[in-house]
Amino acid sequence: MAPSVLLSDKIESVCPDLLKKAGFSVTEKSGLSPEALAQEIGLYDGLVVRSATTVTREVLAAGKKGSLKIVGRAGAGLDNIDVAAAQELGIKVVNTPGLNANAVAELTVALAIVLSRKLWVAFSSIKEGRWEKKGLVGTELSGKVIGLVGLGYVGRLVAKKAKGLDMSVWAYDPFLKPEDIAKAGAEPKSLAEIWAGSDYISLHLPKTPDTLNLLSAETIAKLKKGAFVINCARGGLVDEKALHEALASGHLGGAALDVFDQEPPGASPLLALPNFVATPHVGASSLEAQLNVAEEVARLLVDFLGSKV
Ligand code: MLT
């Protein structure tokens with residue numbers, strides 16, 4: 001029988017097209033609650049998600065009772081999938097790390113420039129009819145230190161782009177040897193050195209129990225006065241209350257978040273601060289990245305299920 005796959009989030013058509021070309025039967029149904037998903041997941045051999053679907057232990061257990069064998073995440077982050085439960089149940093989980101990394105790295109650099117040149121004020125003031133040059137003297141990236149915490153696919157691309165902008169690139173990654181960090185074009189540093197010496201801190205880590213609130217009141221207090229913080233990785237890496245205090249007191253020069261603890265962030269007090277900018281988790285939202293992840297996740301499912309069903 002042809003393998004069947006449920007696509008439970010909206011995804012570029014290259015994904016269903018490739019699955020169908022391989023002879024799979026494909027069902028596209030987005031917006032299912034975990035309960036609704038649990039009701040029908042057992043009917044499928046594979047499930048493809050982006051970030052909107054939460055794949056809970058209950059969903060996986062219900063899938064296991066039926067024919068579910070693989071969950072494919074079109075993207076890098078796996079925090080919307082209970083990977084431990086999948087492992088226990090013998091359901092394979094695959095993702096597409098690296099394939100949307102350039103989009104995230106470009107947004108990171110864009111946000112660094114937006115923060116340095118107060119571009120959000122420039123954009124809104126001129127549209128509102130003001131010619132507000134005076135308050136818009138910024139600083140340059142050239143010659144400044146960017147401290148990258150995490151030097152995976154995205155971190156490495158940010159390092160390369162930041163070097164192209166004449167920045168000094170420092171990096172900390174507990175999983176890499178200093179020589180590998182140097183090979184990626186960054187100076188290996190301890191976290192303490194990154195906190196104390198960076199003009200820009202950019203986070204490129206997954207959200208795990210170890211990285212939760214990495215930037216807390218305690219660590220933020222160690223950052224250079226006037227430093228800029230950027231997080232295009234995962235919400236929860238920055239304690240948003242502590243960030244608010246540090247921005248409001250002027251300890252930090254500014255911050256840009258593409259990701260939040262709760263998404264959407266609702267009426268987060270951060271949004272009212274003049275030195276805070278945000279984007280709605282659009283790091284990977286480029287046409288190129290979405291095509292890449294959609295194609296790769298289809299390929300991974302075809303490879304796996306093609307030999308299993
Ligand atoms: C990722 O994890 O790949 C990005 O954050 C984008 C997304 O959530 O899909």
Whole-Å distance, taken between Cα centres, linking region 238-278 and region 151-172 = 24
ask   = Could you state the principal axis extents of the C-alpha atoms in the chain, from the largest down, to the nearest angstrom?
value = 68, 50, 33
task = For region 1-153, compute Rh as the Kirkwood radius over C-alpha pairs and then the Stokes-Einstein diffusion coefficient at 20 °C and 1.002 mPa s; write the answer in µm²/s, rounded to an integer.
result = 116
ask   = For labels at residue 286 and residue 163 in the simple 7 Å Cα→Cβ model, what's the distance in nm?
value = 1.9
ask   = Angle between the Cα long axis of helix 287-306 and the longest principal axis of the chain, 0 to 90 degrees, nearest 10?
value = 30
note = Hydrodynamic calc, region 136-213: Kirkwood Rh from Cα pairs, then Stokes-Einstein at 10 °C with viscosity 1.306 mPa s, so D in µm² s⁻¹ is 126
note = With the 8 Å Cα cutoff and a minimum separation of six or more residues, region 101-278 has a relative contact order in percent of 19
request  = Could you tell me whether region 175-245 comes out rounded, prolate or oblate from its Cα gyration tensor? Rule is a ≥ b ≥ c as square roots of the eigenvalues, rounded for a/c under 1.5, then prolate if a/b exceeds b/c, otherwise oblate.
outcome  = oblate
query = Given labels modelled 7 Å from the Cα in the Cβ direction, how far is it in nm from residue 65 to residue 190?
reply = 5.3
note = Partner lysines whose C-alpha sits under 20 Å from that of residue 64, ignoring same-chain residues fewer than 8 away, are 29, 92, 308
task = With everything on Cα atoms, drop me the angle between helix 101-116 and the longest principal axis of the chain, reported from 0 to 90° to the nearest 10.
result = 20
Cα-projected label distance for residue 217 with residue 25, points at 7 Å along beta-carbon direction, nm = 5.7
Local electrostatic count, residue 185, Cβ distance below 14 Å [Lys/Arg +1, Asp/Glu -1] = +1
query = If the cut-off is a Cα-Cα distance under 26 Å, which lysines reach residue 133, setting aside same-chain residues fewer than 8 apart in sequence?
reply = 118, 144, 225
Computed helical MRE - 222 nm, the chain, DSSP H runs ≥ 4 contributing -39500 (n - 2.57), nearest 500 = -10500 deg cm²/dmol
task = Quick one: angle between helix 153-164 and the longest Cα principal axis of the chain, in degrees between 0 and 90, rounded to 10, please.
result = 30
query = Per residue, how much accessible area does region 101-278 show when a 1.4 Å probe rolls over the protein heavy atoms, in square angstrom?
reply = 49
ask   = By average Cβ neighbour count within 10 Å, what is the ranking of 269-280, 60-71 from highest down?
value = 60-71, 269-280
query = How much of the accessible area of region 1-139, in percent, comes from carbon and sulfur atoms when a 1.4 Å probe is used?
reply = 56
ask   = Among all the aspartates and glutamates, which ones have a C-alpha under 17 Å from residue 224's C-alpha, if same-chain residues fewer than 8 places away are not counted?
value = 140, 193, 199, 245
key: Convex hull of region 101-278 built on C-alpha atoms - directionally averaged projected area, nm²   = 10.1
note = Note on region 87-185: C-alpha Rg/Rh, Kirkwood Rh, two decimals, gives 1.15
request  = Please give the per residue accessible area of region 30-88, computed with a probe of 1.4 Å over protein heavy atoms only, in Å².
outcome  = 43
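The values are calculated or read from the model by the stated rules, or taken from the named source; none is laboratory data. On a predicted model such as this, the values are computed, not experimentally measured, just so you know. Methodologically, a virtual Cβ is constructed for each residue, glycine included, from the backbone with ideal geometry; neighbour enumeration extends over all protein chains shown. Protein only, heavy atoms only, side chains kept; ligands, DNA and RNA dropped before computing areas. Shrake-Rupley method; radii C 1.70, N 1.55, O 1.52, S 1.80 Å.
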